[in-house]
Amino acid sequence: MKSRMHLVIMGVSGSGKTTIATALAERLGWIYAEADEFHSRENITKMTQGIALTDEDRKPWLDSIARWISEKSASGESTIVTCSALRRSYRDVLAAADGDVRFVHLLGDVELIRSRMKTRTGHFMPESLLPSQVNTLEILQENERGLTVDNVGTPAEVTDRIMAELGPTA
């Protein structure tokens, strides 16, 4: 069976992961999941209170996302999942899932991201945690499978750039 591709749309909170992942899922017809759905109630409570998660907090969350990717790969499905994936060690957990796991790192101006976070509704991540995310972020390394994209322009334009960089394998 052909190896399934799995895109992890990564970046700090407010960088546009959900918007771009949704657009890619629609265009590719792949299954889409939001990493926030994999968080424990305790993690969500911490973040809602403005408390940054520890690596211990994140481990079960990352493991569950990797399991989901592997399960979908085993059933022959390609996926798109959003996940901050801020550190290389977090991405290594996800990259170990079955299938062809690739990262799409969305970059954006921190002040633009901050303004998005202040105006969005229905999300538990407060704008006060943005500095800790920015400080934690480790950019994609050359030996990681993925690409870095400036989230500038319309969602359609950003999606077009991602699709062009992925090429015919997507």
For the stretch 93-104, just list the computed ³J(HN,Hα) in residue order, Karplus coefficients 6.51, -1.76 and 1.60, θ = phi - 60°, integers in Hz, with x standing in for Gly and Pro.
4, 5, 5, 7, 5, 5, x, 9, 8, 10, 10, 10
If amide H atoms are built 1.01 Å from N in the plane of the peptide, which residues on other chains or at least 5 residues away come under 5 Å of the amide H of residue 101?
6
Amide H contacts of residue 33 (H built 1.01 Å from N, under 5 Å, at least 5 apart or other chain)
80, 81, 82
If DNA, RNA and ligands are ignored and the probe is 1.4 Å, what is the ranking of 34, 77, 26 by accessible area, most exposed first?
26, 77, 34
Carbon + sulfur, % of accessible area of the stretch 19-63 - ligands and nucleic acids excluded, 1.4 Å
51
Going Cα to Cα from residue 59, which aspartates and glutamates come in below 19 Å? Please leave out same-chain ones fewer than 8 positions away.
34, 36, 37, 42, 71, 92, 98, 138
The answer for residue 107, listing residues at least 5 apart or on another chain whose modeled amide H is closer than 5 Å to its amide H, is 149, 150, 151
Here the stretch 28-34 yields Karplus 3J(HN,Hα) values (6.51, -1.76, 1.60; θ = phi - 60°; whole Hz; Gly and Pro given as x) of 8, x, 9, 5, 10, 9, 9
Rg to Rh quotient for the stretch 1-40, alpha carbon positions, Kirkwood Rh:
1.00
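Please work out the average accessible area per residue across the stretch 1-116, using the 1.4 Å probe convention, and give it in Å².
44
The values are calculated or read from the model by the stated rules, or taken from the named source; none is laboratory data. This is a predicted model, so every value here is computed, not measured. Surface accessibility is based on the protein's heavy atoms, side chains included, excluding ligands, DNA and RNA. Shrake-Rupley method; radii C 1.70, N 1.55, O 1.52, S 1.80 Å.
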